[in-house]
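Remarks on the structure that follows.
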Amino acid sequence: MKWVVFVLLFLNFGLWYGAGAFQNSDRTKVIASGNLPRVSSLKAETSVPSPHPKPTPAAQSISSVDSQNVPDTDGSGESLVEHADQESVTPPLVCGRLGLISSLDTAEALVAGQPMAGEVGLAWQEVTRELPPFHWVIIPPQPSAVALKQFRDIQRQGIDSYLVTEGENRNAISLGLFESREAAISVLEEKKRQNLNAVLANFPRNQISYALVFKAEPDLVKDVVQAVKTDYGADFDFVEINPC
């Protein structure tokens, strides 16, 4: 019986050794081949690829720009950038003013006679110019009845005069207006010798004149001024050219 037990033990040992050798052989083959599986590759193999990959933001941006089909010309073959550059260099308009013209009829005729009047907006405007006052010899204002009686007495003496009927000097008696102060003082002294209570006052005065105005590009200003001066037949008192 001992040898039977010994044989069984020997067979069990052989089976155990043979199974281990077979497993070690398989492991050796895997290691030798260098094909050890990695976790990342396992994940890649098990994941299902998307049939429609999502575009990146950069790709979306490029696609959206391309889809707009923005034209770079205005249809005539000229670049829109060139148009923008041309508009940016357009010179600003300048405003001109020519004067003075003493007569309204003359100013209107100059405007009507210019072929380019509509192009540059040529027009006339009224200009009020303050002039040095006259020297005025007057008898100061009095009550209406008194002033009227004295005025009639002076008229009977043949003295040149008139009765002021309006304004702040209403009911005064005017004895003359003079540009020269010396001439006014001379007349004043004469009236005092005639026992008239005359005084010297300032008589304000303004002159109404006219000027021509227009608006044009700088290259056209010289032509406009020359054309108007030629029609006017004389030099203007002033020619003003300023930015509008």
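The values are calculated or read from the model by the stated rules, or taken from the named source; none is laboratory data. This one's a predicted model, so the numbers in the text were calculated from it and none came from an experiment. Please note: Cβ atoms are built from the backbone with ideal geometry, for glycine as well, and neighbour counts cover all protein chains shown. The accessibility values were calculated without ligands, DNA or RNA, using every heavy atom of the protein model including side chains. Shrake-Rupley method; radii C 1.70, N 1.55, O 1.52, S 1.80 Å.
Which numbered condition in (1) closer than 29 Å to Ala211 by Cα; (2) open to solvent by less than 40 Å² (accessible area, probe 1.4 Å); (3) not in a loop (DSSP other than H, G, I, E, B) is the only one that Ile138 fails?
That leaves (1) as the condition not met.
Just need a number here: residues in region 195-244 that are among the polar types (S, T, N, Q) and either part of a strand (DSSP E or B) or touching a residue at least 60 places away in the same chain (Cβ under 8 Å) (or both). I'd like the intermediate steps shown before the answer.
First pass over region 195-244, keeping only residues among the polar types (S, T, N, Q): 195, 197, 202, 206-207, 209, 226, 230, 242.
Narrowing further to those that are either part of a strand (DSSP E or B) or touching a residue at least 60 places away in the same chain (Cβ under 8 Å) (or both): 202, 206-207, 209, 242.
Total meeting the criteria: 5.
Every residue in region 163-188 that is surrounded by 12 or more Cβ atoms within 10 Å (Cβ to Cβ), outside any loop (DSSP other than H, G, I, E, B) and in contact (Cβ under 8 Å) with a residue 12 or more places away in the chain, please.
Answer for region 163-188, where residues must be surrounded by 12 or more Cβ atoms within 10 Å (Cβ to Cβ), outside any loop (DSSP other than H, G, I, E, B) and in contact (Cβ under 8 Å) with a residue 12 or more places away in the chain: Leu163, Ile173, Ser174, Leu175, Gly176, Leu177, Phe178, Ala183, Ala184, Ile185, Val187, Leu188.
For the condition open to solvent by less than 30 Å² (accessible area, probe 1.4 Å) and either basic (Lys, Arg) or out of contact with any helix residue (DSSP H, G or I) (no Cβ under 6 Å at 6 or more places or on another chain) (or both), what is the one hit in Val221, Val213? I'd like the intermediate steps shown before the answer.
Numbers: Val213 fails: open to solvent by less than 30 Å² (accessible area, probe 1.4 Å).
Criteria check complete, one pass: Val221.
Restricting the first residue to region 93-118 and requiring it to be touching a residue at least 40 places away in the same chain (Cβ under 8 Å) and over 22 Å from Pro243 (Cα atoms), which pairs with a second residue that is assigned to a helix (DSSP H, G or I) and open to solvent by 40 Å² or more (accessible area, probe 1.4 Å) meet a Cβ separation below 7 Å and a spacing of at least six or different chains?
Leu110/Asp231; Leu110/Tyr232; Gly113/Asp231
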